[in-house]
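A quick write-up on the structure given underneath.
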Amino acid sequence: MNWSAPLPGVVLVGTVLVAGAYVASVLDAGAARLVAGRPLRVGELVAGPWREAALLARIRRSTTERPDAQTWALAPALLAAMAGVAVATVPLAPGVAVADVDDGIVLFGAAMAVVMVGAFLHGWSSNSVFPLVGGYRFVALALSYEMPLALVLIAAALPAQSLSVGAIVESQQGLWNVVRQPLGLPLFLVAGMGLAFWGPLGMSDGADLAGGTGVEASGPDRLAWALARHFVLVAVAVMGAAVFLGGWQGPGLPGALWMAIKTLVLLAVVVGVGHRVARIRLERFVVVAWAVLIPLALVDVFASGALAL
Amino acid sequence: MELQLLLVVSAALFGIGVYGALSQQTFVMIMMGIELMLNGAMLAGVALWGVSGAGAPKGQLLIVIILTVMAVEAALGFALVIGIFRTRQADMTEMLDELQG
Amino acid sequence: MGLLSAAAGRAEVPVFPVVGVGGRQAAEALWLMPGIRVVDSPRAAVLLVVVGRLTRALLHPTMLVHDQLPGPRATLWWPGAGGATPDDGAQGTEDLLAALPDVVTTVPGDTAGLLAVFADLLSGRRPSGRPALVDVEYPRWRGVGPHGHGGEGMMGGVPFGRPLAEMADDPDGLMLDQLPLRVGPFFPAWPPGLILDVGLQGDVLRGVAVGDNPYRSWPGDEPVGPLDTALFLATRTMATTVAALEVARARHHLRWLSRTLRGHGLAARAQRVGALAQSLSVDDRPVVEALARRLGRDAGLAAATSGVGIVDRAALERVGIDRYGGPVARAAGLGIDARTHDPAYADLGFAPVIHHEGDARARLRQRAAEAAQALSLAERAGEIVRPPGRPVEGPRGVLAPREPLPSSALLALLPDLLDGLEWGDAVTTVASLDLDLEEAALDQSVATWPARTSGGPTGASTTGAAPTSTGPAPTGPAPTSRVTP
Amino acid sequence: MTDAALVADVAIWLFGGGSVVAAWLVFRTDSMVRAAYWLLASFVAVGMVMVLLQARFLGLVLVLMMAGEMTIMAAFMVMFMMNPAGLNPMSMVHQHTTAKVAGVVAFAGLAFVGLVAEFPDRPVDPASEPTAELGEELLGDSMLIFETAGVTLLATMIGAIAIAGKRGRFGNAQEGSAPPPVDPDAPAGPDAHPSPMHGGHGGHGGMHH
């Protein structure tokens, strides 16, 4: 099968995103029940996301006074498309990559930068106060973690001597990057949580803003935004599994299965952290990002460079 | 043929940039005009590099320099906008028709 | 469509609560009910649950929120909370029932009834609720331009009833826009009934004013239902056991902890604490002590709360909280506690818990520690009975005969405390004060609460000042929005 | 011509045309946020052309850089243009005729050169690795240029912070400064285009000329 052809490629990426988003919401609901000390009802957990999606599809659209309707609709599409681009660069099994281009890491970085545009536009376009504040918050956070994100990805590319995600996966044959560069994965996940505005970094859509950029969205719009956000989370987890956990490599099982397991582990970690760690303060995070995370990421780059020599 | 059309496109970007930089009153919009001019220059550079320059690495170097110029322009532009706004509460060129602050 | 509706009908029910007089506890119980999800925005809700009685000042905001539900939608009324009945004549409630004839009236906590209404709604057996504000004419925005946002002469002021932003100093020394905004009374991150008029500069609050308390606009009406401090207020006429008082105190603090955790984005942990509060007994002491330790050590919460909303002694004295004590004062190092001199506590070895930082984190640790301490006192108190009539230490401070209640003093802290804070910090600060607008309403409408027993509102009532709202005053979390039918 | 090459060519035309349209809309739209993002669209289109012309790394870096920069720009516009949320129409132009003429002349001159001049036909070898070559160039022969760019950026950062900061070299920026004259009737610049936005406090909301 030639996965680089348009149709199979879109189908593959779409399947990964939708399946990942479904699993992420089941994990999220399960983690919420565990943390809340309520009984885990597997049947309800498994059916939950479908039921909620069906309900949102049934609820009517609402609008605000004079929104920028096109931009409002564009925002979730932008996030979903960028998540798709990110997943496309990752080899999901040996030889199965939609677009394992030789600048894959840079492509991922560019796609994630456009996610910031999408989130800001989602807040701005609804012509309402709390969404706009949410949009600002996303930008303030994103500008702080984009730099560590870029740096840890560069560090991961050093041992592979290539910017291609496939080459980075193969460079981890003997030793995964999570061991070789212990700083990389945590920093990557912090940025990833921010990109999917998840858990402690979910300020742009936080409860203190009554839902932030998503306050005004109802019904299908709310569903689209939730899906887009889950897609970004999945893209981050897939990329993290490939770049730091050795991708499809692993003993015994088929490559695709290893990739799925590793993605699942990262999703579980992010979802678990989301239920355990309080929403951070914007001011404090920005200070920490510039004064701690960026220096740590630089240490990561220098150490990886020294090792690669 | 391809090269000629790309050069016309880059000339159009540059021309729009010139128009914007000269006609706009707001500092940030003027910056947008300047960025568009740089955008046109960059496209011309890449077109010549890709179609006519046989992919010489020095051609890409020129683009890197243009990107640097854009970054410097943006950073200093924003800093100046803040600085001027701080001292004069001005965000448009006409508000700065006096030399003494 | 059938399959879709069937699946949708079995989803968790998204509910937006509207808290009327005496409805706070029943509304908070919604968070613990299985199969129900309380949502932050009316846009996400299918059911509007009105809990308790509505005052006239709450009526218009309630109808606005109702009309923001996108539909299919239905409204439930839980009157019994707060002792209200469908025919008790509370004006706001009557008006609501008149405006929304299809309101379903059930008893508080009736999950089955709620789920049935939801199922009927989605299967089409029940029609979606009609708009409540059909007769009201709002000034329409008649802007020009492709997106209709501009027009001649829009240089500030209030075009079409919408206040525009005005320039004002900002903390960085720039002159930037400041948008006047009214938030409340149903903003989900704030205690029910709180209305704040703020200037919003980006996400920084400038010039905060507390709006009229919507729970006091019922001239001559019996003011309140059961407060969450009801047991403590009852001690003026009733003998109570120390154990019962202390368990009630611990429950109060745990409820507050649950709300606070939710505000910090920890809904699941909040649910666990909320469930613990609901079934709390003396035997839970070890659990609560472990919880207090865990919360005290929690690095994420520490980062979110430390240094936020510092209330120092000067501020306490300015609004007179130094007279009440209470957790807010004790978290700022002021060791006032009525239990210190209460003979009923004499043999229990009571000494007040004190923190010194005075910030939101200190208040969090203070209440967690006091909850654990209260259960430990309850354990030791055995059958000790406390005679009526003496000042009692309530969960927010001393409740003494002929003294105002602590909530209004805490409310007076807000304007100075919130000015210049980021929105998130402001929400953290408001939550950390444990405000109760109903308690404040009781206080202001009767001046001193024991006088209530001798009948009639005393003195010149301050209650005439029902907020007159013209135009679409933003009341919900969706200030500039409108549902198009 | 192979299918793939044809697709690439069509894509280059679409992106090239798109970049010009987006650039034009920057100065035609009535909102600052839209203007900033039309500019971003123009940059993304040029970046895509660069990718299609094999300068993949630089094209993607351009997108990455501009997404951030344009978002900052949008925030700046909203902050400084005294225009709630950047949603009001605006048309704040001066010396319009001069600008139009200059723009057309610049376009005509450059396009003329582009159309008339003879350039050799030496396309990039599809088998080459432009990203690797660029890397070796930057850290090899042209190291000095690369380093100079880096130092320039560092100096820019420091300078920008110094300019924008509250306390400059001459003490607090607020002291001794004066707001611009508040005189709505004063002629606004060489073209004497009346500007109701003149003055520090009047500038809210949109305006129509």
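The values are calculated or read from the model by the stated rules, or taken from the named source; none is laboratory data. Just so it is clear, the structure is predicted and the values come from calculations on it, not from any experiment. Neighbour counts run over all protein chains shown; Cβ positions are idealised from the backbone, glycine included.
Do you know which residues across the stretch B:16-25 are touching a residue at least 12 places away in the same chain (Cβ under 8 Å) and surrounded by 22 or more Cβ atoms within 10 Å (Cβ to Cβ)? Can you show your working first?
We begin by selecting, within the stretch B:16-25, every residue touching a residue at least 12 places away in the same chain (Cβ under 8 Å); these are B:16-21, B:25.
Within the stretch B:16-25, B:I16, B:G17, B:V18, B:Y19, B:G20, B:Q25 qualify.
Let's see how each residue does on (1) more than 26 Å from A:W258 (Cβ to Cβ); (2) surrounded by fewer than 17 Cβ atoms within 10 Å (Cβ to Cβ); (3) not hydroxyl-bearing (S, T, Y):
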| site | (1), (2), (3) |
| --- | --- |
| A:A54 | yes, no, yes |
| A:I59 | yes, no, yes |
| A:T71 | yes, no, no |
| A:P91 | no, no, yes |
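Considering A:V101, A:V106, A:V114, which residue is of a type in the set (V, I, T) and closer than 16 Å to D:L40 by Cβ? Spell out the reasoning first.
Details: A:V101 fails: closer than 16 Å to D:L40 by Cβ; A:V106 fails: closer than 16 Å to D:L40 by Cβ.
Only one candidate qualifies: A:V114.
With the requirement that a residue be surrounded by fewer than 17 Cβ atoms within 10 Å (Cβ to Cβ) and either without any contact (Cβ under 8 Å) to a residue 24 or more places away in the chain or not basic (K, R) (or both), what does the stretch A:273-287 give you? Walk me through it before giving the result.
Just the residues of the stretch A:273-287 that are surrounded by fewer than 17 Cβ atoms within 10 Å (Cβ to Cβ), to begin with: A:276, A:283-284, A:286-287.
Result: A:E283, A:R284, A:V286, A:V287.
Looking at A:V23, A:V11, A:V16, A:V35, can you tell me which residue is assigned to a helix (DSSP H, G or I), touching a residue at least 40 places away in the same chain (Cβ under 8 Å) and closer than 19 Å to A:A81 by Cβ?
Values: A:V23 fails: closer than 19 Å to A:A81 by Cβ; A:V11 fails: touching a residue at least 40 places away in the same chain (Cβ under 8 Å); A:V35 fails: closer than 19 Å to A:A81 by Cβ.
On inspection, the qualifying residue turns out to be A:V16.
Looking at (1) within 26 Å of C:S376 (Cα to Cα); (2) modelled with pLDDT under 90; (3) within 14 Å of chain A (Cβ to nearest Cβ), which one does C:G325 not meet, given that it meets all the others?
(3)
Which fully enclosed helices (runs of 4 or more DSSP H) of the stretch A:88-179 have 1 or more residues being of a type in the set (S, T, N, Q) and within 17 Å of the chain's Cα centre (by Cα)? Walk me through it before giving the result.
Working: elements: A:104-125, A:129-160, A:165-171.
Qualifying helices (runs of 4 or more DSSP H): A:129-160.
Contact list please: Cβ distance under 8 Å, first residue in the stretch D:140-165 and part of a helix (DSSP H, G or I), second residue among the basic types (K, R) and surrounded by 14 or more Cβ atoms within 10 Å (Cβ to Cβ), pairs at least six apart or on different chains.
From the stretch D:140-165, the pairs are D:A164/B:R86.
Please go through (1) facing chain B (nearest Cβ under 8 Å); (2) under 13 Å from the mean Cα position of the chain (by Cα); (3) under 20 Å from B:W49 (Cβ atoms) for D:L39 and return the number of the only condition it doesn't satisfy.
(3)
Within the group A:L227, A:L253, which residue is over 30 Å from A:H122 (Cα atoms) and either touching an Asp or Glu at 6+ places or on another chain (Cβ under 6 Å) or aliphatic (A, V, I, L, M) (or both)? Steps first, please.
Values: A:L227 fails: over 30 Å from A:H122 (Cα atoms).
It is A:L253.
I'd like to check something: does the stretch D:3-16 contain any residue that is at pLDDT 85 or above, under 16 Å from the mean Cα position of the chain (by Cα) and among the β-branched types (V, I, T)?
Among the residues of the stretch D:3-16, not one is at pLDDT 85 or above, under 16 Å from the mean Cα position of the chain (by Cα) and among the β-branched types (V, I, T), which makes the answer no.
Given (1) more than 10 Å from chain B (Cβ to nearest Cβ); (2) modelled with pLDDT under 90, where does D:V63 come up short, assuming only one miss?
If we test D:V63 against (1) more than 10 Å from chain B (Cβ to nearest Cβ); (2) modelled with pLDDT under 90, just (2) comes out false.
Restricting to the stretch C:320-359, and then to whatever is hydroxyl-bearing (S, T, Y) and buried (at least 19 other Cβ atoms within 10 Å of the Cβ), can you tell me which residue is nearest to the chain's Cα centre (by Cα)? Spell out how you get there, then give the answer.
First, pick out the residues of the stretch C:320-359 that are hydroxyl-bearing (S, T, Y): C:324, C:340, C:345.
If we keep only those that are buried (at least 19 other Cβ atoms within 10 Å of the Cβ) as well, we get C:324, C:345.
Working: C:Y324: 21, C:Y345: 31 Å.
Top of the filtered list is C:Y324.
Could you look through the stretch D:21-33, keep only residues that are more than 12 Å from the chain's Cα centre (by Cα) and buried (at least 24 other Cβ atoms within 10 Å of the Cβ), and pick out the one that is modelled with the lowest pLDDT?
Per the criteria, the residue is D:S31.
Can you find even one residue in the stretch C:13-23 that is assigned to a helix (DSSP H, G or I) and either assigned by TED's automatic domain parsing to the domain that holds C:P79 or at pLDDT 85 or above (or both)?
First, pick out the residues of the stretch C:13-23 that are assigned to a helix (DSSP H, G or I): none.
No: zero hits.
Is it true that A:E65 is of a type outside the set (G, A, S), at the interface with another protein chain (Cβ under 10 Å from one of its Cβ atoms), surrounded by fewer than 21 Cβ atoms within 10 Å (Cβ to Cβ) and touching a Lys or Arg at 6+ places or on another chain (Cβ under 8 Å)? Step through it out loud before you land on a result.
Working: of a type outside the set (G, A, S): yes; at the interface with another protein chain (Cβ under 10 Å from one of its Cβ atoms): yes; surrounded by fewer than 21 Cβ atoms within 10 Å (Cβ to Cβ): yes; touching a Lys or Arg at 6+ places or on another chain (Cβ under 8 Å): yes.
So A:E65 fits the description; yes.
For the stretch A:190-309, which fully contained helices (runs of 4 or more DSSP H) count at least 1 residues that are closer than 22 Å to A:A150 by Cβ, within 11 Å of chain C (Cβ to nearest Cβ) and more than 15 Å from the chain's Cα centre (by Cα)?
On the way: elements: A:220-244, A:255-276, A:282-288, A:294-308.
Correct list: A:282-288.
Would you confirm whether any residue within the stretch C:306-317 is in a helix (DSSP H, G or I) and among the β-branched types (V, I, T)?
Applying the first criterion (in a helix (DSSP H, G or I)) to the stretch C:306-317 yields C:313-317.
Among the residues that remain, those that are also among the β-branched types (V, I, T) are: none.
Scanning the stretch C:306-317 turns up no residue that is in a helix (DSSP H, G or I) and among the β-branched types (V, I, T).
For A:N177, state whether it is touching an Asp or Glu at 6+ places or on another chain (Cβ under 8 Å) and over 21 Å from A:V232 (Cβ atoms).
Working: touching an Asp or Glu at 6+ places or on another chain (Cβ under 8 Å): no; over 21 Å from A:V232 (Cβ atoms): yes.
No: the conditions fail for A:N177.
Among the listed residues C:T85, C:T105, C:T75, C:T93, which satisfies the condition of being among the hydroxyl-bearing types (S, T, Y) and modelled with pLDDT under 70? If you could, list the steps in order and put the result at the bottom.
Working: C:T105 fails: modelled with pLDDT under 70; C:T75 fails: modelled with pLDDT under 70; C:T93 fails: modelled with pLDDT under 70.
Just one listed residue meets the conditions, C:T85.
Determine the pairs where a residue that is on the phi > 0 side of the Ramachandran plot, located within the stretch A:60-74, has a partner that is in a loop (DSSP other than H, G, I, E, B) and among the β-branched types (V, I, T) with Cβ atoms under 9 Å apart, the partner being 6 or more residues away or on another chain.
If the second residue must be in a loop (DSSP other than H, G, I, E, B) and among the β-branched types (V, I, T), the pairs left are A:R66/C:T480.
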